[in-house]
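Only one structure is covered here, and it is reproduced in the block below.
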Amino acid sequence: MGAFKDLVKEELLELFSQKKLASLMFFGIVFLDALGAISPEYLNRKITIFIPFPLLTVIYLINTRKVNAWFVLTLVLNFLGIYYFNNPYERYNSTGLIFHSVAYLVYCYILFRPFKNFSLKKVLSVLGPLTLLVLVPLAFYYDGIKQTVVFNATILYVCLTALYILSAVLVYVSRKTETHRFLLFSAISILLSSYFQGYNLFMEKNDLFNFFAVICFNLAHYLLCCYLVRQSKGVS
């Protein structure tokens, strides 16, 4: 009996170490949470909204070969951001925004730390299109943002999110490897999430945008986690 328990334990550990079960659980919870965002009368988000980041922490810790304490800190910060939002489309507050903003600032530190410098040409080639991708939607949402009581925190969030996107894309264009591709898709995901969330918060509520905002937000952090796990294993 003891040998059987050890075998089961070993198999479960192997399953988790391959991210199969943990990842399935993560995306299952995220999908339920996204459904709850558009159908709160059927699915209550009071539980599902808080599960993804603790689960992502587990995924990271059991897969990485070297724990990056800064990344673990960002997972805690993002969880606190979600906690203070509680329901992000009804209780819009500066505390949640600030926690998320600090998390994105730490993300930038994590990404830039291994790199000594970037060529000015590459920076400008990324900065130009990114500026348009940020400023054009911001112009559409500006009137709605002005009507909130947390204008400064919102602008801070937008700036630091944009800085993270810039950092991720710069790292990718500096070396277009499979591992760095996770960063590119993370940047795209958080950009799309910001578009969807901005439309819901500052223009009008849209169930489809609401659904994809939740999916893209969580996917962005999962992809960054995958990047750091692969990096810790020396996978290029």
(message) Using 0.36 nm times the number of residues separating Leu127 and Ile155, minus their current alpha carbon distance, what extension gain do you get?
(response) 8.3 nm
(message) Sequence gap at least 6, Cα distance under 8 Å: using those rules, report the relative contact order of the range 188-236 to the nearest whole percent.
(response) 38
(request) Would you kindly state how much longer the chain becomes between Leu61 and Gln147 on full extension, computed as 0.36 nm times their sequence separation minus their alpha carbon distance, in nm to one decimal? (result) 26.8 nm
(message) Please compute the contact order of the chain in relative form: average sequence separation of alpha-carbon pairs under 8 Å and at least six residues apart, divided by the residue count, as a percent.
(response) 22
(message) Could you order the peptides 210-222, 173-185, 28-40, 97-109 from most to least packed, using the average number of other C-beta atoms within 10 Å per residue?
(response) 210-222, 97-109, 28-40, 173-185
(message) With θ taken as phi - 60° and the coefficients 6.51, -1.76 and 1.60, list the Karplus ³J(HN,Hα) couplings across the range 220-236 in order, rounded to whole Hz; mark glycine and proline as x.
(response) 4, 6, 5, 5, 5, 4, 4, 4, 5, 5, 5, 5, 5, 8, x, 7, 8
(message) Using a Förster radius of 45 Å, what is the FRET efficiency between Ser119 and Glu41 based on their Cβ-Cβ separation? Nearest 0.05, please.
(response) 0.25
(message) If I take R0 = 22 Å and measure r between the Cβ atoms of Glu204 and Phe27 in this structure, what FRET efficiency does the formula 1/(1 + (r/R0)^6) give, to the nearest 0.05?
(response) 0.20
(message) Can you tell me the length gained on complete extension of the stretch Lys176 to Val235, counting 0.36 nm per residue apart and subtracting the Cα distance?
(response) 20.0 nm
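Each reported figure results from applying straightforward, stated rules to the coordinates on display, with no laboratory input. Predicted model only: the values in this text are computed from it and were never measured. No Cβ is skipped: glycine too gets one built from the backbone with ideal geometry, and neighbour counts run over all protein chains shown.
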